[in-house]
Amino acid sequence: KIVALKRVLPHLGRDEEFLTLFRQEASLGARLAHANVVQLLDVGEVAGELFLALEFVNGRNLRQVIRRCAERRTVVPIALALYIIMEAAKGLAYAHALRDAKGQALGIVHRDVSPANLLVSFEGEVKVADFGIARAVAYASTTSVGLVRGKASYMSPEQARGLALDGRSDQFALGSILWELLTGRRLFAGDAETEIVGKLIGGVIPIPSQSAPGLPDAVDDVVMKALDRDPDGRYQDAVAFFRALA
């Protein structure tokens, strides 16, 4: 079986707190088994260096697809954009609802839903990646290395404020990605993280059809509901979002 190997960056391999969190999250990620989630197959250590063995997805991540569309001065067709986000929502819905052996909700939230973490295979599969190590990645992003550029563009307002999160935070991120697929523009963009977060928390969120004339009203409605700054104003869960997209 061909797999993808992921290794810990050297500067993080010396951070014991990160490594402990990484192992815990990898263990959690190994429990996820769904057609729309990249499967974590194994976690190992060689000469003190941690690695993950992941399902290999033969295709491209959505960031590469968006970049290619920009080069060709086009956008992803509406039906295909809806399909990609719909399939990702199915994977998120599964993880959000996952329970342990005693029936207790695990309360999984991805926290890092972005185009780079949505993989599209050449066979048409859509898979959410890095589900099991999102919290470890979040920890790493707050170390001296700093937040990975561009990630703030796909946070939810509550995540940017450091508030408690549930699955509706991931839904907001998917809504941002769908807005970008439909318009060919990033919804929350800026030269600095503070500028992006300012727009995320208090800027105007235009309907997609303002940037992409001709979009059906129903598409505008679905996107804007997912992008409600109040989590209670969004779809109640990723299943409801998936159904609206369908």
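The values are calculated or read from the model by the stated rules, or taken from the named source; none is laboratory data. Since this is a predicted model, take the numbers as computed values, not measurements. A quick note on method: Cβ atoms are made from the backbone with ideal geometry, for glycine too, and the neighbour counts reach across all protein chains shown. Side chains are part of the model used for accessible areas, which takes the heavy atoms of the whole protein and leaves out ligands, DNA and RNA. Shrake-Rupley method; radii C 1.70, N 1.55, O 1.52, S 1.80 Å.
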Gyration tensor verdict on the range 197-246 (Cα atoms; rounded if a/c is under 1.5, prolate if a/b is larger than b/c, oblate otherwise):
oblate
Applying the gyration tensor rule to the Cα atoms of the range 1-114 (axes a ≥ b ≥ c; rounded if a/c under 1.5, else prolate if a/b exceeds b/c, else oblate), the class is oblate
Crossing angle, helix 167-183 versus the chain [Cα axis fit, 0-90 degrees, rounded to tens]:
50
Calculated FRET efficiency, Ala189 and Leu163, Cβ-Cβ r, R0 25 Å, to nearest 0.05?
0.60
How large is the dipole of the chain about the Cα centre if only Lys and Arg carry +1 and Asp and Glu carry -1, each at its Cβ, rounded to the nearest 20 debye?
420
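Would you mind putting 59-72, 7-20, 115-128 in packing order, based on average other-beta-carbon counts within 10 Å, highest first?
115-128, 59-72, 7-20
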Could you compute the FRET efficiency for Gln236 and Gln104, with r as their C-beta to C-beta distance and R0 at 30 Å, rounded to 0.05?
0.90
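Could you calculate the contour length gain from Ala35 to Arg243, that is, 0.36 nm times the residue separation minus the distance between their Cα atoms, to one decimal place in nm?
Residue separation times 0.36 nm, minus the Cα-Cα distance, leaves 73.1 nm.
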Projected label distance in nm at Glu45 and Ala218, using a 7 Å step from Cα toward the beta-carbon:
5.3
Expressed in whole Å with the largest first, what are the equivalent ellipsoid semi-axes of the chain derived from the C-alpha gyration tensor as the square root of 5 times each eigenvalue?
29, 20, 19
For the chain, what does -39500 (n - 2.57) per DSSP helix run (n ≥ 4), summed and divided by total residues, give at 222 nm, in deg cm²/dmol to the nearest 500?
-12500 deg cm²/dmol
Unit Cα scatterers, Debye sum, the range 159-246: log10 I(q)/I(0) for q = 0.12, 0.17, 0.24 Å⁻¹
-0.35, -0.71, -1.31
Taking 28 Å as the cut-off for C-alpha to C-alpha distance, list the pairs among Lys6/Lys199; Lys1/Lys151; Lys199/Lys225; Lys6/Lys127 that go past it.
Lys6/Lys199; Lys1/Lys151
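Using a 1.4 Å probe on the protein heavy atoms, what percent of the accessible area of the range 1-76 belongs to carbon and sulfur? Walk me through the intermediate numbers first.
Working: 2500 of 4880 Å².
For the range 1-76, the apolar C and S fraction of the accessible surface comes to 51 percent.
Counting only heavy atoms of the protein chains, get the accessible area per residue of the chain (1.4 Å probe) and round it to a whole Å² value.
For the chain, the per-residue accessible area is 51 Å².
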